[in-house]
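Since the structure comes first, as structure tokens, the remarks are kept for the end.
The values are calculated or read from the model by the stated rules, or taken from the named source; none is laboratory data. All figures in this text were calculated on a predicted structure; none of them were measured in a lab. Positions of Cβ are backbone-derived with ideal geometry, glycine not excepted, and every protein chain shown enters the neighbour counts. These area figures cover heavy atoms from the full protein model, side chains too; ligands, DNA and RNA do not enter into them. Shrake-Rupley method; radii C 1.70, N 1.55, O 1.52, S 1.80 Å.
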Amino acid sequence: MIEKQLQEVELIIFIEDEDDMAESLEDLKAYAKTYELDHVEVAAQHKETVDDERVKYIVTLEISRDSENLGRKYETEEQKVFGFGD
């Protein structure tokens, strides 16, 4: 059975760093996983101006998980980013 959950994340970044936002989104997706076979997508993204130098992104992630086929559970943050090293 496929389970879905939403997770909202707020990022405040400097305007000059907005070019790195795509990389930041990929990192967020990796860290949102609990199990090896979790599937994470960006469901929504909003941008707000904080001040002259910063913007705030509100990102909603949708995490899909097959409860009958979870895969291995990540035990560390390094495993989420780099894998299990098999």
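Tallying residues that are on the phi < 0 side of the Ramachandran plot and over 15 Å from the mean Cα position of the chain (by Cα) within region 49-73 yields 15. The residues in region 46-64 that are farther than 16 Å from ILE15 by Cα and either in contact with a Lys or Arg (Cβ under 8 Å, 6 or more places away or on another chain) or modelled with pLDDT under 95 (or both) can be counted, and the count is 4. Between THR76, THR49, the distinction of being more than 24 Å from MET1 (Cβ to Cβ) and open to solvent by 60 Å² or more (accessible area, probe 1.4 Å) belongs to THR49 only.
Annotation: of all residues in region 52-73 being assigned to a loop (DSSP other than H, G, I, E, B) and farther than 20 Å from GLU3 by Cα, the one that is least open to solvent (accessible area, probe 1.4 Å) is GLU53.
Only one entry of GLU23, GLU41 meets the criterion of being loosely packed, with under 13 Cβ neighbours inside 10 Å and more than 23 Å from MET1 (Cβ to Cβ), and that entry is GLU23. The residue that is most open to solvent (accessible area, probe 1.4 Å), counting only those in region 26-38 that are farther than 17 Å from GLU10 by Cβ and acidic (Asp, Glu), is GLU26. For region 17-45, filtered to residues that are free of Cβ contacts under 8 Å to residues at least 24 places away in the same chain, in a strand (DSSP E or B) and under 8 Å from the mean Cα position of the chain (by Cα), the residue that is farthest from THR76 (Cα to Cα) is VAL42.
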